[in-house]
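The values are calculated or read from the model by the stated rules, or taken from the named source; none is laboratory data. Keep in mind that this is a model prediction, so the values were computed, not measured. We place every Cβ from the backbone using ideal geometry, glycine too, and count neighbours over all the protein chains shown. What goes into the accessible areas is simple: the full protein's heavy atoms, side chains included, and nothing from ligands, DNA or RNA. Shrake-Rupley method; radii C 1.70, N 1.55, O 1.52, S 1.80 Å.
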Amino acid sequence: TQSAHSVEPATNTRTQERKNGKKRKKGKKTSKSHLHRSVARNWHKTFSTMCLSDDHAKKMKRAQASASRLKSLTKYTPSYKSVLQPGKLVDLPLSYLVPIIVLMPIAMLRFSLWFPHILAPHAAKSTYLTAFYHYEMESLHFDNTVWTWGSDYFLAVVMGSLAVACLCATKGKNPRASLPLRLCSAGLLLCYTVSVLVGGVGHQFYTSFEFFNTLSFRLLWTVCVGTVTLAGGFMGACSTLLARGFSPRSSYYIQIPFMPEWGWTFFGIYLTASCAEGRLSFQRPACDIFIAGTTQLLPTIYCIIVMWLRKWDSDDFVSTKYRVLFVIGLVLNAPLLPMYPLLVQYTDWSLGSVNLLLHSCLLLAWGLQGLSLRHFCLALNNKSDQKLK
C-alpha cells in the first residue's frame, strides 16, 4: 500500500510537466509569430514612407507650418475677446485713440460750416455770409434792443445760479465721489453764463458800425462764441464722468468706446482756437453762435448714449425722470439752427423778437441740463461704495 501511494504522485507530476512543456513550446511559437508580424509592419511603414513623393512631403510640411501659424494666431484670442465683449466700455489703444481725438474737432468744424446749407440752402446762402471779423455795413445785422440784451442778462443769472447749485450739491454719504462731476457741470454752466453775459454787453453797448471792426469787439465776440465751443468739451467730459462714476464697465447694452477727459479737453480747445482765428465769423454775429452750437453734436450724442444704453439699477439713485429731462435738454437746441435763417429770411419779425424766442428755447434747454446734472451729482454722492477712477 505504501508503494502504491508513493507511485501515484510521481506519475501526476510527470504528466503536469509534460503539459507545461507543451504550453511553453506553444508560447515560443506564438511569440515568434508576433515578432515576425511586428517586423513586417515596421518594414511596411518604412517602405511606404520611402515611397512617398517629394511633392507630398512638401505639402505635409506646408500643412504643418500653417497649423503652427494658426495656433500662434489663435493663442491671443481670449484676451481679444475679453476686450471686445458686448456690453462694455472699451478702452481703445493709443494707436487708435489719438487719431480719433485729433480728427474729431476737425470733422465737427467742417460739418458745422456745411450743415446749415443742407437744411435750408436758399436761406442759409443769404444768412451765413463769412466775415472773419471784417464787417461790411450793407451785410451787418446786429440787434441792440432790450429784448435781446435783457434776455441775455436773464439767462446769465439763471445759468450762474445753476452752476452754483451744482457746486453745492454735496448732500449724501460720499460728497467727494461727485467732486469731478460737480466741477465739470459747473464749468459747462459757467460757459453758458459767460457767453450770454458777454453777448448782452455787446448787444447793449456796441450800437455803431465803427465799433464792430475794432479789437475790443473781436475780443468780446470771441469770448462770447468761444465759450460755446468750449462748452462742448465740458459736455463730453460730463458724459465720461457719468460713465465712470455710476456704472461698472459691463453694464451697457452694447459695446461703447471709452473717451477720456483729455480727449474732450483737446476737442474744446481746438474749436475755441478756430473761433479766435475767425473761422466761425459771419456778417450776422448771431450766426457765429449757431455754428458754435452745432459743434456740440458729437458730445451730445455721446451723452445720450451713456444715459440710455446703460442698465440702470435702483442702487444708482438716478431717477428716470431726470434722465428723460437731460436728453430733452440736450436735443432741444437742435431746432434753433434751421429756425434762425428761416425766421430771418421768410418772416417780418424783428431781430429782437427772433432773439427773444431763441433765448427762451435756450433757457428751457440749458435749465433742464443744469437741473439734471445737479440730480446726477446728488445721486453719485449716495453711492458711497462707488468711486470715480
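Yes/no matrix, rows are residues, columns are (1) open to solvent by less than 20 Å² (accessible area, probe 1.4 Å); (2) on the phi > 0 side of the Ramachandran plot; (3) modelled with pLDDT of 90 or more:
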site: LEU298; (1), (2), (3): no, no, yes
site: ILE304; (1), (2), (3): no, no, yes
site: TRP312; (1), (2), (3): no, no, no
site: ASP315; (1), (2), (3): no, no, no
site: TYR322; (1), (2), (3): no, no, yes
site: VAL327; (1), (2), (3): no, no, yes
site: MET339; (1), (2), (3): no, no, no
site: VAL354; (1), (2), (3): yes, no, yes
site: LEU357; (1), (2), (3): no, no, yes
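For LEU197, all conditions in the list (1) in contact (Cβ under 8 Å) with a residue 40 or more places away in the chain; (2) out of contact with any Gly (no Cβ under 8 Å at 6 or more places or on another chain); (3) within 14 Å of ARG374 (Cβ to Cβ) hold save one; what is the number of the exception?
(3)
How about the stretch 113-139: which of its residues are open to solvent by less than 50 Å² (accessible area, probe 1.4 Å), assigned to a loop (DSSP other than H, G, I, E, B) and of a type outside the set (Gly, Ala, Ser)?
Within the stretch 113-139, TYR128, TYR133, TYR135 meet the criteria.
Within the stretch 210-228, is there a residue that is in contact with a Gly (Cβ under 9 Å, 6 or more places away or on another chain) and charged (D, E, K, R)?
Checking the stretch 210-228: at least one residue is in contact with a Gly (Cβ under 9 Å, 6 or more places away or on another chain) and charged (D, E, K, R).
Output the residues belonging to the stretch 198-216 that are surrounded by 20 or more Cβ atoms within 10 Å (Cβ to Cβ) and in contact with a helix residue (DSSP H, G or I) (Cβ under 7 Å, 6 or more places away or on another chain).
Hits for the stretch 198-216 are VAL198, GLY199, GLY200, GLY202, HIS203.
Being surrounded by 20 or more Cβ atoms within 10 Å (Cβ to Cβ), out of contact with any Asp or Glu (no Cβ under 8 Å at 6 or more places or on another chain) and at pLDDT below 95 is true for just one of GLY233, GLY245. Which residue is that?
Going through GLY233, GLY245 in turn, the sole match is GLY245.
Determine the pairs where a residue that is under 13 Å from ASN355 (Cα atoms), located within the stretch 148-159, has a partner that is surrounded by fewer than 19 Cβ atoms within 10 Å (Cβ to Cβ) and among the polar types (S, T, N, Q) with Cβ atoms under 8 Å apart, the partner being 6 or more residues away or on another chain.
Note: pairs meeting the criteria are TRP149/GLN204; SER151/SER360.
Where in the stretch 314-389 are the helices (runs of 4 or more DSSP H), entirely inside, with at least 1 residues that are closer than 18 Å to ASP288 by Cα?
Filter on the stretch 314-389 gives 336-346, 351-382.
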